[in-house]
Amino acid sequence: MSYSRPAADRMPDPSALVIFGASGDLTRRKLVPAIWHLDQQGRLPPEFVLVGVARSDMDDAGFRQQMREALHEFVGQLDDRQVDFFLDRLFYVCGDPKEAATHQRLKERLAQLDVQRRTRGNYCFYCSVPPQVYLKIVERLGQVGLHQEGGEGKGWSRIIVEKPFGHDLETAVELNRSLHRVFAEHQIYRIDHYLGKETVQNILVFRLANSIFEPLWNRRYIDHVQITAAETVGVEHRAGYYDQSGALRDMIQNHLLQVLCVIAMEPPSSFDADSVRTEKLKVLKAIHPLSVGQVDQHAVRGQYRAGQLGDQEVRGYLDEPDVALRSRTETFAALQLTIDNWRWQGVPFYVRTGKRLKRRASAVTLQFRQPPHLIFSSDEDLQPSTLTIRIQPEEGISLTFNGKIPGPDVKLGPVKMDFDYATTFGGRSPEAYETLILDCLLGDATLYSSSDWIERSWELLMPVLEAWGASSATRVPSYPAGSWGPKEADQLFDREWRRWAEL
Ligand code: BG6
C-alpha cells in the first residue's frame with residue numbers, strides 16, 4: 001500500500017495560470033520549465049492555459065518563441081512536436097501590470113479563453129514581479145473583478161505571491177492588509193520555494209511515517225539542532241535587491257525558519273493546510289523572542305571579502321556591481337534560537353546562511369546527547385551521534401554513530417549509515433516550483449505560508465534588524481570568500497562540544 005498527500009492523485013480543474021512578469025528571469029528559468037514538466041507527466045488537464053503578462057512588446061507568437069528558447073536552455077534538448085503542442089497553450093497580454101487597461105485586456109482575454117479553451121473561469125495569478133508592483137496588481141485585479149469566485153461563469157480565483165513578503169514587520173502587515181482588501185485568505189498563496197523541495201517534505205515523512213525517530217525527537221535525546229543553507233554564489237546580478245535586503249531577510253525570515261518549523265513542530269493530526277500551518281505557527285510563537293540588547297550574544301553577521309573559491313579568485317561584496325559604497329549589508333547571518341515548550345526546552349537551534357561560502361550545502365543536523373556514563377576507557381574518541389538531513393545537493397539522510405574499530409582493544413570510531421535519494425529512487429526529482437504550482441492549482445495551501453506565520457517571523461527578527469541597523473552598531477565582520485563565514489559565528493556556541501557541523 002502506498003500513501004500520498006490527499007491532493008497528489010487529483011487532476012487540477014481546467015484553469016488559466018496568469019504570470020505577471022512573464023518576460024522575467026524566474027518565468028524563463030523556473031516557472032515555464034516547471035509547467036512543462038507537469039504537462040509531460042500528465043499532471044495538467046487538457047483545458048489548461050498559461051497567459052503571460054509583461055510590458056515587452058510581443059504577441060502570442062513572440063512569447064511562444066521566447067519560451068521555446070527558455071525550454072531548450074533550461075530543460076534540455078526536446079522533441080519539437082512536443083514543444084509545439086505545449087506552446088499552443090501559451091498566450092500573451094502585453095501591458096504594464098500596474099495599469100488598469102492591461103487588466104481590462106487580460107479580463108477580456110481570459111473570458112475568450114474560457115470559451116475557446118474551456119478554462120471555466122478558474123484563474124491563478126502568479127506575481128513574479130518586484131514587491132512594489134504586487135500591491136498595484138492586487139488593486140487592479142480587484143477593480144476589474146478578477147478576484148471574484150463563484151457566480152455566473154466564474155470559477156475560483158487564487159493569487160501566488162513571491163518573496164520577499166515585506167521588508168520588515170510593518171510592510172509585511174501592510175502587504176497582508178492590502179491583499180486581504182481584495183482576496184480572502186484562502187485565495188492567497190505565499191510561496192516559499194524551500195517548502196517545495198523534496199527533502200524538506202521528506203522531513204515530515206521521515207518523522208511521522210516511522211515510529212523509530214519520533215521518540216528521540218526531543219530534549220531528552222537531542223543536544224542541539226543546526227540548520228545551514230550555504231551557497232557558493234555571490235550576489236550575482238541581484239545587488240539592487242540584495243543590498244537592501246541582506247541574508248537575514250533573504251534567507252532566514254522565510255526559508256530557514258520554515259525548515260526550523262518543519263523540524264520542530266508537533267505532529268499535526270492530518271496532512272492538510274490548516275493542521276500543518278497551525279502547528280508551524282505554534283513553533284514560531286514558542287521561539288523565545290530576543291531583545292535588542294541580547295542580539296550581540298545570539299546573532300552574528302558577516303560580509304564576504306575577496307577570496308578563493310576552488311581555483312577561482314572572487315571579488316569581495318563591496319566590489320560587486322551595484323553594491324553601495326561602504327555597504328553594511330550582511331551576506332552571512334547566524335542565529336541561536338530557543339524554543340520555549342516541553343519538547344525543546346534547553347535545546348538550542350542554530351541557523352546560518354551565507355553567500356560565497358566554501359561549499360553549496362543546505363542541511364539540518366540534529367546532534368544527540370552523549371551517553372550519560374561511558375564504560376569504555378577511550379572516551380576521548382567518542383563523537384556525538386548525529387542525524388543529518390541533506391536538503392541539497394546530494395539529497396539524503398545520514399546517521400553517524402560510534403562503532404568499535406576492529407582490533408584487540410576497544411577503540412571507538414564514527415561510522416555512518418547513509419540514505420541517498422538519487423541512488424535509492426533514481427530518476428528526476430521534481431523541482432520545488434512544480435510541486436508548489438501544482439498544489440496551488442489543486443487548491444492545496446499546505447506548503448504555502450499563512451499570513452500569521454509571515455507576520456510572526458518578521459516580529460521575531462525585528463530586534464535583530466533593529467540592532468544591526470542602529471547607527472551605533474559595531475562594524476560588520478568580514479570573511480574571505482571560500483571560507484565558512486566569520487569566525488565570530490563560532491562564538492554562538494556556549495558549550496565546548498558544540499560546533500558548526502562540517503558539511
Ligand atoms: C532565494 C534567495 O530565495 O533563494 C537567493 O533570494 C538564494 O538569494 C536562493 O540564492 C537559494 O535557493 P536555492 O533553491 O538555490 O537553494
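Results, tabulated for the structure shown:
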{"item": "Which numbered condition K107 fails, given (1) closer than 15 Å to R140 by Cβ; (2) touching a residue at least 40 places away in the same chain (Cβ under 8 Å); (3) in a helix (DSSP H, G or I)", "result": "(2)"}
{"item": "Segment 115-133, subset in contact with a strand residue (DSSP E or B) (Cβ under 7 Å, 6 or more places away or on another chain), more than 16 Å from the ligand (Cβ to nearest atom) and not hydroxyl-bearing (S, T, Y), residue farthest from T102 (Cα to Cα)", "result": "R117"}
{"item": "Positions within segment 300-314 being touching a Pro at 6+ places or on another chain (Cβ under 9 Å) and not charged (D, E, K, R), in sequence order", "result": "V300, G302, Q303, Y304, A306, G307, Q308"}
{"item": "Where A422 falls short, out of the listed (1) over 19 Å from the mean Cα position of the chain (by Cα); (2) within 16 Å of the ligand (Cβ to nearest atom)", "result": "(2)"}
{"item": "Some residue of segment 156-168 being buried (at least 20 other Cβ atoms within 10 Å of the Cβ), hydroxyl-bearing (S, T, Y) and more than 16 Å from the chain's Cα centre (by Cα)", "result": "yes"}
{"item": "Selection status of K136, closer than 29 Å to W453 by Cβ and either in a helix (DSSP H, G or I) or touching a strand residue (DSSP E or B) at 6+ places or on another chain (Cβ under 7 Å) (or both)", "result": "yes"}
{"item": "Candidate set: segment 425-449, residues that are under 14 Å from the mean Cα position of the chain (by Cα) and among the hydroxyl-bearing types (S, T, Y); chosen: the one surrounded by the most Cβ atoms within 10 Å (Cβ to Cβ)", "result": "S449"}
{"item": "Selection within segment 468-484 - assigned to a helix (DSSP H, G or I) and crowded, with 20+ Cβ neighbours inside 10 Å", "result": "W468"}
{"item": "Any hit, segment 221-236, residues being surrounded by fewer than 20 Cβ atoms within 10 Å (Cβ to Cβ) and either in a helix (DSSP H, G or I) or of a type in the set (K, R) (or both)", "result": "no"}
{"item": "Breaking point among (1) within 16 Å of the ligand (Cβ to nearest atom); (2) not in a loop (DSSP other than H, G, I, E, B), for P164", "result": "(2)"}
{"item": "Selection from segment 173-196 of residues that are of a type in the set (G, A, S) and either over 17 Å from the mean Cα position of the chain (by Cα) or closer than 16 Å to I137 by Cα (or both)", "result": "S178, A184"}
{"item": "Filter pass, G413 being in contact with a helix residue (DSSP H, G or I) (Cβ under 9 Å, 6 or more places away or on another chain), in a strand (DSSP E or B) and either surrounded by fewer than 16 Cβ atoms within 10 Å (Cβ to Cβ) or among the small types (G, A, S) (or both)", "result": "yes"}
{"item": "S429 within 16 Å of the ligand (Cβ to nearest atom), not in a loop (DSSP other than H, G, I, E, B) and not β-branched (V, I, T)", "result": "no"}
{"item": "Residue list for segment 227-262, filter: among the charged types (D, E, K, R) and either within 11 Å of the ligand (Cβ to nearest atom) or under 17 Å from the mean Cα position of the chain (by Cα) (or both)", "result": "E231, E236, R238, R249, D250"}
{"item": "L204 vs. criteria touching a His at 6+ places or on another chain (Cβ under 9 Å), of a type outside the set (K, R), more than 9 Å from the ligand (Cβ to nearest atom) and in contact (Cβ under 8 Å) with a residue 40 or more places away in the chain", "result": "no"}
{"item": "Checking F271 against (1) part of a helix (DSSP H, G or I); (2) touching a residue at least 24 places away in the same chain (Cβ under 8 Å); (3) more than 16 Å from the ligand (Cβ to nearest atom); (4) in contact with a Ser or Thr (Cβ under 9 Å, 6 or more places away or on another chain), the condition it does not meet", "result": "(1)"}
{"item": "Condition met for S211 (without any contact (Cβ under 8 Å) to a residue 12 or more places away in the chain and either more than 16 Å from the ligand (Cβ to nearest atom) or under 17 Å from the mean Cα position of the chain (by Cα) (or both))", "result": "yes"}
{"item": "Residue satisfying condition, being in contact with a Pro (Cβ under 9 Å, 6 or more places away or on another chain) and either modelled with pLDDT of 95 or more or away from the ligand (no atom under 16 Å from the Cβ) (or both), within set H224, H180, H186, H147", "result": "H224"}
{"item": "Unmet criterion (only one of (1) within 15 Å of the ligand (Cβ to nearest atom); (2) surrounded by 18 or more Cβ atoms within 10 Å (Cβ to Cβ); (3) closer than 30 Å to P268 by Cβ; (4) modelled with pLDDT under 95) for E198", "result": "(2)"}
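The values are calculated or read from the model by the stated rules, or taken from the named source; none is laboratory data. This is a predicted model, so every value here is computed, not measured. Quick reminder, even Gly has a Cβ in these numbers, built from the backbone with ideal geometry, and neighbours come from all protein chains shown.
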